[in-house]
Amino acid sequence: MLYDRGALRRALRDLRKRLRREGRVPAALVERLAAQVERSCERARRREAARPLPEYPADLPVVAHRETIERAILEHQVVVIAGETGSGKTT
């Protein structure tokens, strides 16, 4: 995760320095870094699993144009959607 990136890079940099300086790195330090990486990956997996899926209520008029709007958003930097109040534009 981005949150862990700085600490993990520093730990890896320190291991590399130690390897160059001493010619080896204690297995315990490598295992500790591997555990930190795994914890970060697990947090990312949990976060992804907890992400809510969008819902598109069929009774909103804008939902009929969902694919067209999605394609426009993917193809253009700015997309302006205009419609009546209550048509579901923010959905």
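The values are calculated or read from the model by the stated rules, or taken from the named source; none is laboratory data. Given the structure is predicted, the values throughout are model-derived calculations rather than measurements. Positions of Cβ are generated from backbone atoms using ideal geometry, with glycine treated the same way; all protein chains shown enter the neighbour counts. These area figures cover heavy atoms from the full protein model, side chains too; ligands, DNA and RNA do not enter into them. Shrake-Rupley method; radii C 1.70, N 1.55, O 1.52, S 1.80 Å.
Numbers at a glance
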{"quantity": "Enumeration of residues in segment 49-91 that are open to solvent by 100 Å² or more (accessible area, probe 1.4 Å) and under 16 Å from the mean Cα position of the chain (by Cα)", "calculated": "ARG51, PRO52, LEU53"}
{"quantity": "Residue match in segment 12-20 (condition: open to solvent by less than 60 Å² (accessible area, probe 1.4 Å) and not hydroxyl-bearing (Ser, Thr, Tyr))", "calculated": "yes"}
{"quantity": "Unique match (being at positive phi, out of contact with any strand residue (DSSP E or B) (no Cβ under 9 Å at 6 or more places or on another chain) and modelled with pLDDT of 90 or more) among GLY6, GLY86, GLY23", "calculated": "GLY23"}
{"quantity": "Within segment 21-33, considering residues that are out of contact with any Leu (no Cβ under 9 Å at 6 or more places or on another chain) and surrounded by 11 or more Cβ atoms within 10 Å (Cβ to Cβ), the one farthest from THR90 (Cα to Cα)", "calculated": "PRO26"}
